[in-house]
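Right, one structure below, let's go through it.
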Amino acid sequence: IGTLRLAFSERLLQPSLLIWGALWWAIALCVSTQYVPGEREVPTLLLLGAVSVGVWTVVALRLKWAGLAQLCVLLTPASALLLGLMLFNPYFNPAGDGGWLGWLAVFVAHFLSLKRLDPVLLPRLRSAAHVVGCWLIISVLSLELRYGLLVLSESYNAWRWLGWALLPSLYLLAMTAPRHWPWPVAAYPRQYRVWAAAPLAALMLAWFWLANGFSDGNADPLPYIPLINPLELGLLITLAGIFSWTRTQLPQSGVSAAHARKVALMIAGASIFALVTAMVMRGAHHWAGVAWHTDALLESMRVQAGLSIVWTLMALTLMIGGHLRARRDMWIVGAVLIGIVVAKLFFVELSNRGGLERIVSFIGVGILLLV
């Protein structure tokens, strides 16, 4: 009977009382911040939460209290919840109104508690804490970068799009680099290189297609130059991060290396095709005055002529590259693209009464096909 009581106390009663006490402590912190000005309420909560976790860490170490140590990992999920509540404000500045101090305290408390309490934390809880903490840090820094670019830009242009993607993309590139990173990446490579990076790679791929399709590339005061402009440079960095992570780290999640390489090449090929297509449309918008609307872009013979020539160049590159490397699949993709261009010439250019653009399209594609 005594053994049963001890097991009941350790497995159910003590954890329940700890969680109950932590809940009341959180409520007390929220009530205490009512006397703080509204704009400083969240930074104060973050600072108080970080200090609380710091005190819990010291107590857990001195008393060898494993249960209290597990509560310390709740700092980052609670901070992420506060961050989510602030996202309803489109001009949210994480560092504003003393927020920099609150977030800095959270990050310091997070890493110190994980470092000192590492031996007593439950393995799954410890892994989740590392992953959630990584996401939180990247989110806060990305939001701060987005706010800085938002202040600099007057309209919804390329600068605002870049704020979301630069830091996550650089993180993907860093996690695929062969160099040896210090703690905590060195101690928990799977958590940071695979589990934390996989959702970021998926989000960055979605961002790539959204930004490429909806942004006109306006980056005032800089002029629009294809490939050498903030938007498309950011898109290329993002695609490099996605490709590198998919090719090198996807096998760590159980996918074969050959299949991971094939998936990476498919993603890169489709994304580059979409990037070049949108680049032609952005060039027509900035240089030829074509309105940035789908109907206007598709009806413009300048856009159609540019797409025909650029697609033909891509097709020839694929066919020649496939021939030199003995890659039949690459050659077939190029041949299919050539067929699409020829069909487009007959059904789009030939049906249009435009003059010079249609002639340029036919002559340009014809010369390239002779190659």
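The values are calculated or read from the model by the stated rules, or taken from the named source; none is laboratory data. Because the structure is a prediction, the values reported are computed rather than measured. All Cβ positions, glycine included, derive from the backbone under ideal geometry; neighbour counts span all protein chains shown. Quick note on the areas: whole protein, heavy atoms, side chains included, nothing else; ligands and nucleic acids left out. Shrake-Rupley method; radii C 1.70, N 1.55, O 1.52, S 1.80 Å.
Any residue that is touching a Lys or Arg at 6+ places or on another chain (Cβ under 6 Å), more than 27 Å from P230 (Cα to Cα) and in contact (Cβ under 8 Å) with a residue 60 or more places away in the chain - is there at least one of those in the range 242-262?
There is at least one residue in the range 242-262 that is touching a Lys or Arg at 6+ places or on another chain (Cβ under 6 Å), more than 27 Å from P230 (Cα to Cα) and in contact (Cβ under 8 Å) with a residue 60 or more places away in the chain.
Here is a yes/no grid of residues against (1) touching a Gly at 6+ places or on another chain (Cβ under 8 Å); (2) under 18 Å from A264 (Cβ atoms); (3) open to solvent by less than 20 Å² (accessible area, probe 1.4 Å):
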| site | (1), (2), (3) |
| --- | --- |
| R193 | no, yes, no |
| F208 | no, yes, yes |
| G213 | no, no, no |
| P223 | no, no, no |
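Tell me whether the range 301-309 contains one or more residues that are modelled with pLDDT under 90 and open to solvent by 30 Å² or more (accessible area, probe 1.4 Å).
Among the residues of the range 301-309, at least one is modelled with pLDDT under 90 and open to solvent by 30 Å² or more (accessible area, probe 1.4 Å), which makes the answer yes.
Quickly run through the range 11-54 and pick out the residues that are without any contact (Cβ under 8 Å) to a residue 60 or more places away in the chain, part of a helix (DSSP H, G or I) and β-branched (V, I, T).
I19, I27, V31, T33, T44, V51, listed by residue number.
Go through (1) without any contact (Cβ under 8 Å) to a residue 40 or more places away in the chain; (2) within 17 Å of G49 (Cβ to Cβ) one by one and return the number of the condition G99 breaks.
Among (1) without any contact (Cβ under 8 Å) to a residue 40 or more places away in the chain; (2) within 17 Å of G49 (Cβ to Cβ), the lone unmet condition for G99 is (1).
Quick one: in the range 142-184, of everything that is part of a loop (DSSP other than H, G, I, E, B) and within 19 Å of the chain's Cα centre (by Cα), which residue is surrounded by the fewest Cβ atoms within 10 Å (Cβ to Cβ)?
A177
Residues L239, L203, L231: which one is at pLDDT 95 or above, of a type in the set (A, V, I, L, M), in a helix (DSSP H, G or I) and buried (at least 19 other Cβ atoms within 10 Å of the Cβ)?
L239
Condition (residue is touching a Phe, Trp or Tyr at 6+ places or on another chain (Cβ under 9 Å), more than 26 Å from G98 (Cβ to Cβ) and small (G, A, S)) applied to the range 177-193: is it met by at least one residue?
no
Restricting to the range 54-107, name every residue that is more than 18 Å from C30 (Cα to Cα), small (G, A, S), open to solvent by less than 30 Å² (accessible area, probe 1.4 Å) and within 24 Å of the chain's Cα centre (by Cα).
G96
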